[in-house]
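Reading through the structure tokens given below for one structure.
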Amino acid sequence: MQITQVHSPNFAAGRKTYTPIAIVIHIMEGSMAATDSWFGSTVSQVSSHYGIGINGDIHQYVQEADTAWHAGRVNAPTWALIKPAGNGSYINPNYYTVGIEHEGDETTEWSDATYTSSSSMISEIAKRWNIPIDRQHIVGHHEIYSLKACPGTKVDFEKLIAMASGNPALNKIPGFGKVTTNGKVNIRQAPNTTVPVVNVVPGNIQLAFDGYVDNGESVSGNSKWYYTDEGNWFWSGGVS
Ligand SMILES: [Zn+2]
């Protein structure tokens, strides 16, 4: 993979006592050229480790062993792995995350080239630092700093994570319908049992779905999982 070095002066050498445990996904809210110059200026006091262009180009602004300034502010975090520092404050996430910016706006569709380059970078970074490739460890900026929508609504985290882990893309078959739970059913963030349960639905409850995949995790030989309007998933074996 070709990575163009574009130096940013906005970083701290090293990571104190920390190592990266997660990758934070950002959107540039602008072009890669504008980001190069913004991160290149000491006036901005911001940076990230990488930038991915709409055409798939990859720029590196800060070395991974150093602390980039991309997610230092914390507000109402929903990220489960954020490190508390007591008194309702947090250890600066910049010390234990790698930041990847993506060219475009919060409302622009991500290009195939963006997905390809971003997922390859995630895969390499995860290997280097032993970071699991799942939704707990690949997080959106707004999950740390709720006052920003970054990276917006267009990035499909499941797709990015599936591509980065080398798993086949989910074969989504749309079609609205309703099923009834046989017993307790776990609602998850992805069609596999390695991701956290976001909700547990009791038996004999009607669940609406927006479609299904036939290549989720195989459970008891059944790899059909339904997905919902909210982007959640449940295994078809638990419903009828
Ligand atoms: Zn951001």
Could you tell me what percent of the accessible area of the chain is made up of carbon and sulfur, with a 1.4 Å probe and every protein chain present? 50 percent
With Cα coordinates, the longest principal axis of the chain makes an angle with the long axis of helix 112-129, in degrees rounded to 10, of 80 degrees
Spacing of the two label points (7 Å from each Cα toward its C-beta) at T116 and A169, in nm: 1.1 nm
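With runs of 4+ DSSP H residues as the only contributors, calculate the mean residue ellipticity of the chain at 222 nm using -39,500 (n - 2.57) per run, divided by the residue total and rounded to the nearest 500.
Only helices count here, giving -4500 deg cm²/dmol.
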Accessible area per residue in Å² at 1.4 Å probe, computed on the range 190-234: 51 Å²
Dipole moment magnitude, nearest 20 debye, the chain about Cα centre, only Lys, Arg, Asp, Glu C-beta charged: 820 debye
Gain on full stretching of the segment that runs from Q5 to S37 - 0.36 nm per residue minus C-alpha separation: 10.2 nm
When the charge dipole of the range 172-238 is computed with +1 at the Cβ of Lys and Arg and -1 at the Cβ of Asp and Glu, the Cα pointing farthest to the positive end, of V198, F176, G237, is that of G237
With bins of 5 Å, the percent of all Cα-Cα pairs of the range 72-159 per bin from 0 is 3, 12, 23, 24, 20, 12, 4, 1, 0
Rounded, prolate or oblate: which one fits the range 4-164, using the alpha carbon gyration tensor with axes a ≥ b ≥ c (rounded when a/c is under 1.5, else prolate when a/b beats b/c, else oblate)? rounded
Between the range 19-66 and the range 98-138, how many Å separate their Cα centres? 12 Å
Could you pull out the pairs from K83/K127; K154/K184; K16/K83; K83/K172; K83/K224 whose alpha carbons sit more than 26 Å apart here? K154/K184; K83/K172; K83/K224
Using alpha-carbon positions, the gyration tensor of the range 97-210 gives root eigenvalues a ≥ b ≥ c; with a/c under 1.5 called rounded, otherwise prolate if a/b exceeds b/c, else oblate, the class is prolate
Kindly identify the range 172-238 as rounded, prolate or oblate by the Cα gyration tensor criterion: order the square roots of the eigenvalues as a ≥ b ≥ c, call it rounded if a/c is under 1.5, otherwise compare a/b with b/c, prolate if a/b is larger, else oblate. rounded
With the dipole of the chain worked out from charges on the C-beta (+1 for Lys and Arg, -1 for Asp and Glu) around the Cα centre, which of H49, I133, L160 lies farthest toward the positive end? I133
Below 10 angstrom from the Cβ of M32, what's the summed charge of the other residues (Lys, Arg +1; Asp, Glu -1)? -4
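The values are calculated or read from the model by the stated rules, or taken from the named source; none is laboratory data. What you are looking at is a predicted structure, and each value in this text was computed from that prediction instead of being measured. Please note: Cβ atoms are built from the backbone with ideal geometry, for glycine as well, and neighbour counts cover all protein chains shown. SASA here: full protein model, heavy atoms, side chains in, ligands and nucleic acids out. Shrake-Rupley method; radii C 1.70, N 1.55, O 1.52, S 1.80 Å.
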